[in-house]
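So the structure is just underneath, and the comments pick up after that.
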Amino acid sequence: MAYALVTGASKGIGRAIAVELAKKKYDVLLVARSEDLLQEVAAGIRAQYGVQADHFALDLSVVGASEQLLQWCDKNNYTVEVLVNNAGYGLSGRFENYTLEEYTAMMQVNMNALTSLCYVFLPRLKKLPQAYILNIASSTAYQAVPGLALYAASKAFVLSFSRSLTYELRKTTVSVTCSSPGATDTDFVNRANMQKKTLKVAERFNMTPEAVAKITIKALFNKRTEVITGGINKFGAFLSWLMPKKFTEHMIAGIYQVR
(Lines give C-alpha, C1' and ligand atoms only; values in the text may rest on other atoms or scores of the structure.)
Protein backbone atom coordinates (compact mmCIF):
# COMPACT_ATOMS: atom_id res chain seq x y z
CA MET A 1 0.00 0.00 0.00
CA ALA A 2 1.36 3.44 -0.99
CA TYR A 3 1.56 6.31 1.46
CA ALA A 4 2.04 10.06 1.36
CA LEU A 5 4.59 11.25 3.94
CA VAL A 6 4.20 14.84 5.14
CA THR A 7 6.67 16.65 7.39
CA GLY A 8 5.53 19.55 9.55
CA ALA A 9 2.09 17.92 9.49
CA SER A 10 0.82 18.82 12.96
CA LYS A 11 -0.63 22.20 11.94
CA GLY A 12 -0.75 24.92 9.30
CA ILE A 13 0.05 24.16 5.68
CA GLY A 14 1.43 20.70 6.48
CA ARG A 15 -1.78 19.62 8.17
CA ALA A 16 -3.86 21.05 5.33
CA ILE A 17 -1.74 19.20 2.75
CA ALA A 18 -2.18 15.93 4.66
CA VAL A 19 -5.94 16.45 4.68
CA GLU A 20 -5.98 17.29 0.97
CA LEU A 21 -4.08 14.07 0.22
CA ALA A 22 -6.45 12.09 2.45
CA LYS A 23 -9.37 13.51 0.46
CA LYS A 24 -7.76 11.89 -2.58
CA LYS A 25 -7.71 8.61 -0.62
CA TYR A 26 -4.01 8.56 0.09
CA ASP A 27 -2.98 6.91 3.33
CA VAL A 28 -0.80 9.41 5.17
CA LEU A 29 2.26 9.40 7.40
CA LEU A 30 2.48 12.50 9.58
CA VAL A 31 5.77 13.81 10.91
CA ALA A 32 6.38 16.72 13.32
CA ARG A 33 7.77 17.36 16.78
CA SER A 34 4.52 17.30 18.76
CA GLU A 35 3.25 13.81 19.64
CA ASP A 36 -0.07 15.11 20.98
CA LEU A 37 -0.89 17.24 17.94
CA LEU A 38 0.08 14.46 15.55
CA GLN A 39 -2.18 11.98 17.35
CA GLU A 40 -5.06 14.44 17.09
CA VAL A 41 -4.53 15.09 13.37
CA ALA A 42 -4.11 11.40 12.55
CA ALA A 43 -7.28 10.44 14.45
CA GLY A 44 -9.24 13.18 12.70
CA ILE A 45 -8.07 12.08 9.26
CA ARG A 46 -8.90 8.42 9.92
CA ALA A 47 -12.37 9.28 11.20
CA GLN A 48 -13.30 11.77 8.48
CA TYR A 49 -11.71 10.32 5.35
CA GLY A 50 -11.52 6.58 6.02
CA VAL A 51 -7.84 6.23 5.20
CA GLN A 52 -4.88 4.99 7.21
CA ALA A 53 -2.98 7.67 9.12
CA ASP A 54 0.08 6.99 11.22
CA HIS A 55 2.48 9.44 12.83
CA PHE A 56 6.07 9.74 13.99
CA ALA A 57 7.14 12.46 16.43
CA LEU A 58 10.56 13.61 15.26
CA ASP A 59 12.68 16.76 15.49
CA LEU A 60 14.12 17.29 12.01
CA SER A 61 16.71 19.74 13.35
CA VAL A 62 18.55 16.73 14.82
CA VAL A 63 21.25 15.32 12.55
CA GLY A 64 20.30 11.82 11.40
CA ALA A 65 16.54 12.42 11.66
CA SER A 66 15.97 11.52 8.00
CA GLU A 67 17.58 8.12 8.48
CA GLN A 68 15.40 7.53 11.56
CA LEU A 69 12.33 8.32 9.48
CA LEU A 70 13.39 5.95 6.71
CA GLN A 71 14.00 3.17 9.24
CA TRP A 72 10.56 3.75 10.74
CA CYS A 73 8.97 3.38 7.30
CA ASP A 74 10.94 0.19 6.65
CA LYS A 75 10.03 -1.27 10.03
CA ASN A 76 6.33 -0.73 9.34
CA ASN A 77 6.48 -1.70 5.65
CA TYR A 78 5.30 1.73 4.55
CA THR A 79 5.88 2.38 0.84
CA VAL A 80 6.14 6.14 0.35
CA GLU A 81 4.79 7.29 -3.01
CA VAL A 82 4.45 10.99 -2.19
CA LEU A 83 7.17 12.76 -0.19
CA VAL A 84 6.14 16.18 1.10
CA ASN A 85 8.94 18.29 2.58
CA ASN A 86 6.91 20.96 4.32
CA ALA A 87 8.67 21.37 7.70
CA GLY A 88 10.37 24.73 8.09
CA TYR A 89 10.37 27.98 10.03
CA GLY A 90 11.82 31.48 10.01
CA LEU A 91 13.54 33.97 12.30
CA SER A 92 12.80 37.64 11.70
CA GLY A 93 14.80 40.71 12.61
CA ARG A 94 18.37 41.79 12.01
CA PHE A 95 20.83 39.03 11.26
CA GLU A 96 22.83 39.57 14.46
CA ASN A 97 19.72 39.27 16.66
CA TYR A 98 20.01 35.49 16.91
CA THR A 99 22.72 33.06 17.88
CA LEU A 100 24.60 30.98 15.38
CA GLU A 101 23.12 27.89 17.03
CA GLU A 102 19.60 29.17 16.38
CA TYR A 103 20.39 29.80 12.73
CA THR A 104 22.10 26.43 12.34
CA ALA A 105 19.01 24.66 13.68
CA MET A 106 16.79 26.57 11.26
CA MET A 107 19.02 25.75 8.30
CA GLN A 108 19.06 22.10 9.37
CA VAL A 109 15.27 21.93 9.11
CA ASN A 110 14.75 24.20 6.09
CA MET A 111 17.55 22.85 3.90
CA ASN A 112 19.54 19.92 5.27
CA ALA A 113 16.61 17.76 6.39
CA LEU A 114 14.77 18.42 3.13
CA THR A 115 17.84 17.50 1.10
CA SER A 116 18.49 14.42 3.19
CA LEU A 117 14.90 13.18 2.89
CA CYS A 118 15.00 13.59 -0.88
CA TYR A 119 18.29 11.69 -0.94
CA VAL A 120 17.33 8.71 1.24
CA PHE A 121 13.86 8.21 -0.27
CA LEU A 122 14.74 8.84 -3.92
CA PRO A 123 16.10 5.33 -4.73
CA ARG A 124 12.80 3.84 -3.53
CA LEU A 125 10.65 6.43 -5.27
CA LYS A 126 12.36 5.68 -8.58
CA LYS A 127 11.29 2.03 -8.34
CA LEU A 128 7.59 2.94 -8.31
CA PRO A 129 5.41 3.30 -11.44
CA GLN A 130 4.76 6.91 -10.42
CA ALA A 131 6.04 8.91 -7.45
CA TYR A 132 6.05 12.53 -6.35
CA ILE A 133 8.27 14.90 -4.36
CA LEU A 134 6.75 18.13 -3.10
CA ASN A 135 9.06 20.73 -1.57
CA ILE A 136 7.56 23.77 0.14
CA ALA A 137 9.55 26.95 -0.40
CA SER A 138 8.14 30.48 0.02
CA SER A 139 7.40 33.59 -2.00
CA THR A 140 10.49 35.00 -0.23
CA ALA A 141 12.56 32.63 -2.39
CA TYR A 142 12.28 35.10 -5.26
CA GLN A 143 14.11 38.02 -3.66
CA ALA A 144 16.44 39.02 -0.84
CA VAL A 145 14.45 39.91 2.29
CA PRO A 146 16.19 42.21 4.79
CA GLY A 147 14.75 41.30 8.17
CA LEU A 148 14.16 37.71 7.12
CA ALA A 149 17.53 37.27 5.45
CA LEU A 150 18.53 33.72 6.23
CA TYR A 151 15.01 32.32 5.97
CA ALA A 152 14.58 33.80 2.49
CA ALA A 153 18.00 32.49 1.48
CA SER A 154 17.10 29.00 2.72
CA LYS A 155 13.91 29.06 0.66
CA ALA A 156 15.82 30.25 -2.40
CA PHE A 157 17.91 27.12 -1.91
CA VAL A 158 14.76 24.97 -1.82
CA LEU A 159 13.47 26.52 -5.05
CA SER A 160 16.76 26.21 -6.91
CA PHE A 161 17.39 22.66 -5.69
CA SER A 162 13.86 21.58 -6.62
CA ARG A 163 14.10 22.98 -10.13
CA SER A 164 17.43 21.24 -10.72
CA LEU A 165 16.10 17.98 -9.32
CA THR A 166 13.06 18.25 -11.60
CA TYR A 167 15.33 18.39 -14.61
CA GLU A 168 17.59 15.56 -13.47
CA LEU A 169 14.59 13.28 -12.87
CA ARG A 170 12.67 14.22 -16.02
CA LYS A 171 13.23 10.77 -17.59
CA THR A 172 12.25 8.86 -14.45
CA THR A 173 8.90 8.12 -12.83
CA VAL A 174 9.52 10.73 -10.11
CA SER A 175 7.90 14.14 -10.50
CA VAL A 176 9.19 17.08 -8.44
CA THR A 177 7.13 20.16 -7.60
CA CYS A 178 8.09 23.24 -5.57
CA SER A 179 5.31 25.32 -4.02
CA SER A 180 5.97 28.87 -2.82
CA PRO A 181 3.24 30.22 -0.52
CA GLY A 182 3.14 33.81 0.61
CA ALA A 183 1.50 35.14 3.76
CA THR A 184 -0.63 32.35 5.22
CA ASP A 185 -2.74 32.22 8.36
CA THR A 186 -0.46 29.90 10.36
CA ASP A 187 1.73 29.98 13.46
CA PHE A 188 4.75 30.90 11.30
CA VAL A 189 4.61 34.58 12.27
CA ASN A 190 4.71 33.80 15.99
CA ARG A 191 7.68 31.47 15.78
CA ALA A 192 9.45 33.97 13.53
CA ASN A 193 8.95 36.73 16.15
CA MET A 194 7.55 39.17 13.62
CA GLN A 195 6.78 42.73 14.73
CA LYS A 196 3.26 44.17 14.82
CA LYS A 197 3.72 46.37 11.75
CA THR A 198 4.86 43.40 9.72
CA LEU A 199 1.93 41.32 10.96
CA LYS A 200 -0.56 43.99 9.94
CA VAL A 201 0.83 44.05 6.41
CA ALA A 202 0.77 40.25 6.20
CA GLU A 203 -2.81 40.02 7.46
CA ARG A 204 -4.04 42.02 4.48
CA PHE A 205 -2.82 39.30 2.10
CA ASN A 206 -3.21 36.15 4.20
CA MET A 207 -4.39 32.97 2.53
CA THR A 208 -5.81 30.06 4.49
CA PRO A 209 -3.69 26.90 4.77
CA GLU A 210 -6.54 25.02 3.08
CA ALA A 211 -6.44 27.29 0.03
CA VAL A 212 -2.66 26.95 -0.21
CA ALA A 213 -2.88 23.17 0.11
CA LYS A 214 -5.55 22.86 -2.58
CA ILE A 215 -3.51 24.86 -5.11
CA THR A 216 -0.33 23.03 -4.16
CA ILE A 217 -1.72 19.50 -4.44
CA LYS A 218 -3.35 20.30 -7.78
CA ALA A 219 0.03 21.50 -9.07
CA LEU A 220 1.72 18.38 -7.68
CA PHE A 221 -0.50 15.93 -9.52
CA ASN A 222 -0.38 18.06 -12.66
CA LYS A 223 3.41 17.61 -12.44
CA ARG A 224 4.14 21.32 -12.45
CA THR A 225 7.74 22.26 -11.69
CA GLU A 226 6.76 25.17 -9.48
CA VAL A 227 3.75 27.09 -8.30
CA ILE A 228 3.34 30.37 -6.43
CA THR A 229 0.09 30.33 -4.47
CA GLY A 230 -2.12 33.39 -4.77
CA GLY A 231 -2.31 36.17 -7.35
CA ILE A 232 -0.69 38.81 -5.14
CA ASN A 233 2.30 36.54 -4.52
CA LYS A 234 2.72 35.85 -8.24
CA PHE A 235 2.60 39.59 -8.88
CA GLY A 236 5.17 40.19 -6.15
CA ALA A 237 7.55 37.64 -7.67
CA PHE A 238 7.13 39.31 -11.06
CA LEU A 239 7.86 42.75 -9.60
CA SER A 240 10.97 41.39 -7.86
CA TRP A 241 12.19 40.18 -11.24
CA LEU A 242 11.24 43.40 -13.00
CA MET A 243 12.30 46.09 -10.53
CA PRO A 244 15.87 46.99 -9.49
CA LYS A 245 16.95 44.81 -6.57
CA LYS A 246 17.94 47.76 -4.37
CA PHE A 247 14.44 49.21 -4.76
CA THR A 248 12.65 46.00 -3.73
CA GLU A 249 15.09 45.40 -0.87
CA HIS A 250 14.53 48.94 0.45
CA MET A 251 10.76 48.48 0.27
CA ILE A 252 10.87 45.11 2.04
CA ALA A 253 13.25 46.46 4.69
CA GLY A 254 10.57 49.00 5.58
CA ILE A 255 8.00 46.27 6.09
CA TYR A 256 10.35 44.34 8.37
CA GLN A 257 11.52 47.53 10.11
CA VAL A 258 15.26 47.03 9.63
CA ARG A 259 16.17 50.33 7.94
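The values are calculated or read from the model by the stated rules, or taken from the named source; none is laboratory data. Predicted model, so just to flag it, every value in this text is computed and none were measured. Every residue, glycine as well, gets a Cβ built from its backbone with ideal geometry; the counts of neighbours run over all protein chains shown.
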Result of the Cβ filter at 8 Å on the stretch 6-22, keeping first residues that are more than 14 Å from LYS218 (Cβ to Cβ) and partners that are crowded, with 24+ Cβ neighbours inside 10 Å and of a type in the set (Lys, Arg), at least 6 apart or interchain, is ALA9/ARG15
In this structure, is TYR78 in contact with an Asp or Glu (Cβ under 8 Å, 6 or more places away or on another chain), modelled with pLDDT of 95 or more and farther than 30 Å from ALA156 by Cα?
yes
Expected output for the stretch 46-72 (first residue within 12 Å of VAL28 (Cβ to Cβ), partner modelled with pLDDT under 95 and surrounded by fewer than 16 Cβ atoms within 10 Å (Cβ to Cβ), Cβ below 9 Å, 6+ apart or cross-chain) is GLN52/MET1
Going through LEU165, LEU148 one at a time, which residue ends up being touching a residue at least 60 places away in the same chain (Cβ under 8 Å), of a type in the set (A, V, I, L, M, F, W, C) and at negative phi?
LEU148
Going by the structure shown, is VAL158 closer than 24 Å to ALA9 by Cβ, surrounded by fewer than 21 Cβ atoms within 10 Å (Cβ to Cβ), touching a helix residue (DSSP H, G or I) at 6+ places or on another chain (Cβ under 9 Å) and at pLDDT 95 or above?
no
Please determine, by comparing only the residues of the stretch 145-179 that are part of a loop (DSSP other than H, G, I, E, B) and under 19 Å from the mean Cα position of the chain (by Cα), which one is nearest to GLY93 (Cα to Cα).
LEU148
Could you look through the stretch 4-35, keep only residues that are under 22 Å from GLY50 (Cβ atoms) and among the hydroxyl-bearing types (Ser, Thr, Tyr), and pick out the one that is surrounded by the fewest Cβ atoms within 10 Å (Cβ to Cβ)?
TYR26
Of all the residues that make up the stretch 204-226, how many are of a type outside the set (A, V, I, L, M, F, W, C) and over 10 Å from SER175 (Cβ atoms)?
9
Exactly one of ALA87, ALA47, ALA43, ALA105 is under 21 Å from TYR3 (Cβ atoms) and surrounded by 14 or more Cβ atoms within 10 Å (Cβ to Cβ), and that residue is ALA87
Kindly indicate the residue of the stretch 59-84 that is more than 20 Å from LEU37 (Cβ to Cβ) and of a type in the set (D, E, K, R) and also surrounded by the fewest Cβ atoms within 10 Å (Cβ to Cβ) among those meeting that condition.
LYS75
